Amino acid sequence: MTASVNSFNVTRIREDFPILKETVNGKPLVYLDNAATSQKPQAVIDALVNYYMTENSNVHRGVHTLSQKATDAYEGAREKVRQFINAEHDKEIIFVRGTTEGINLVAQTYGRTHIGAGDEIIVTAMEHHSNIVPWQMLCEEKGAHLKVIPINDDGELLLDEYEKLLSPRTKLVSIVHQSNALGTINPVEQVIELAHSRGIPVLLDGAQAVAHVPIDVTSLGCDFYAFSGHKLYGPTGVGVLYGRAELLDAMPPYQGGGEMIRSVSFEKTLYNVIPNKFEAGTQNIAGSIGLGVAIDYVNSVGMNNIAAYENELLAYGTERLSEIEPVRLIGTARHKGSILSFVMDTAHPHDVGTILDAEGIAVRTGHHCAQPLMDRYGVPATIRASLAFYNTKEEIDTLVKGIDRVIEVFSR
Ligand code: C6P
């Protein structure tokens, strides 16, 4: 155990998240659905209330004091995001609705400009639908092809197969940083190096990774990085697309409207510079400010502390679940984030989820928006316990007791 984990005070941290005091079905809430969305610390809730009570105004549009305050707070949040992922420039941070919108933005702008008939886009077998469907839509429109990097039974990418897929027709590699359904943390450095050595840009879907591992887009060297605020303890409805300035500058706009223009006439419209070029219309101002406060919060805990503590929880959970006979873990990669996905030979995932809910335990059951991955494992669905840094070993024990209850019910 490292010194940082020793100094990690989870009891103290739990005090910051009011919802963790709730009861569900008469039992204390055990929230293990953090990959779907994370809970919000009081500081983020207060920031939203405070914004609407004291600063609410539109940004970049008024000379009046409130508008200036809101603009400063909004642009301040952009700078916090920049620092958090270590991007070089603020203008490389585009506020979007979430990971889904970030990937669609790249598909509809970069993709439509650079990808044509016969070209290829590479994804992996473990993608969320958000990193499959936008590319399929583009492929259908352009006559391009989607290529899929296979995985082994542990849920690890087959890098040799990846290398074989790279061809002069490959125009983009778009892969998930951490799988939402398996927990696998992909070797993105190697993936990027192999693509870049052939001049191919790389997009990383950071929806899950951003809350669990420190992200440094500059040292990674990725071309695009997309994530959602709500998985990083921030509000829903806001997310980030990072793009290298050189690429964003050259891309056409995504949506047209206010803010994204420099001048408009009926003859010709001139577009704004980045990031405004990609932020058409009134943005989720409160959400962006709330995301900035969520970043302050996780920074105060420390991303390295979070990662170390969650690894400890994951190891404990893996050990406990592996001891249970009918439980089969899906996703046993050597390098994993804090996700425990499993099936039980004796019970359907939805029944397991319902019984656990009666015990106050929130897990997600289903295909986790990764149907091709479920097909790869030959299962329709899994039960997924996804852990955050406010979870505890005692909660994992409660999960184990809940699974014992499932076994009892199904053995009758
Ligand atoms: N995964 C889950 O329960 P949005 O919905 O845009 O915030 O995020 C989409 C998304 C993209 N990529 C990955 C790897 C994701 O995990 C998600 C969201 C949630 O696993 C909801 S389906």
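Just so you know, all these numbers are worked out from the coordinates, no wet-lab data involved. Predicted model, so just to flag it, every value in this text is computed and none were measured. No Cβ is skipped: glycine too gets one built from the backbone with ideal geometry, and neighbour counts run over all protein chains shown.
Summary of values
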read-out	value
Ranked packing of 164-174, 49-59, 209-219, most packed first, by mean Cβ within 10 Å	209-219, 164-174, 49-59
Per-selection Kirkwood Rh - the chain (Cα, Å, 1 d.p.)	22.3
Helix-only mean residue ellipticity at 222 nm for the chain, each DSSP H run of n ≥ 4 adding -39500 (n - 2.57), per residue, nearest 500	-11000 deg cm²/dmol
Centroid-to-centroid separation of segment 151-230 and segment 257-319 [C-alpha atoms, Å]	19
Sequence of Thr346, Thr65, Thr71 once ranked by neighbouring C-beta atoms within 10 Å, starting from the fewest	Thr65, Thr346, Thr71
Size of electric dipole in the chain: Cβ of Lys, Arg +1 and of Asp, Glu -1, about Cα centre, debye, nearest 20	680
Over the chain, relative contact order from alpha-carbon pairs under 8 Å, at least 6 apart, %	23
Links that overshoot a 24 Å alpha carbon limit, given the list Lys80/Lys277; Lys91/Lys336; Lys142/Lys171; Lys171/Lys268; Lys21/Lys231	Lys91/Lys336; Lys171/Lys268
Anchor Lys393: aspartates and glutamates whose Cα lies under 18 Å away (excluding residues fewer than 8 positions away in-chain)	Glu15, Asp33, Glu310, Glu312, Glu319, Glu323, Glu359, Asp404
Among 307-314, 9-16, the order from most to least packed when residues are scored by Cβ within 10 Å on average	307-314, 9-16
Sorted largest first, extent of segment 1-131 alpha carbons per principal axis (Å)	57, 51, 38
In sequence order, calculated HN-Hα J values of segment 119-135 (Karplus, 6.51, -1.76, 1.60; Hz; x Gly/Pro)	6, 10, 10, 10, 10, 10, 6, 10, 6, 5, 4, 5, 10, 10, 5, x, 6
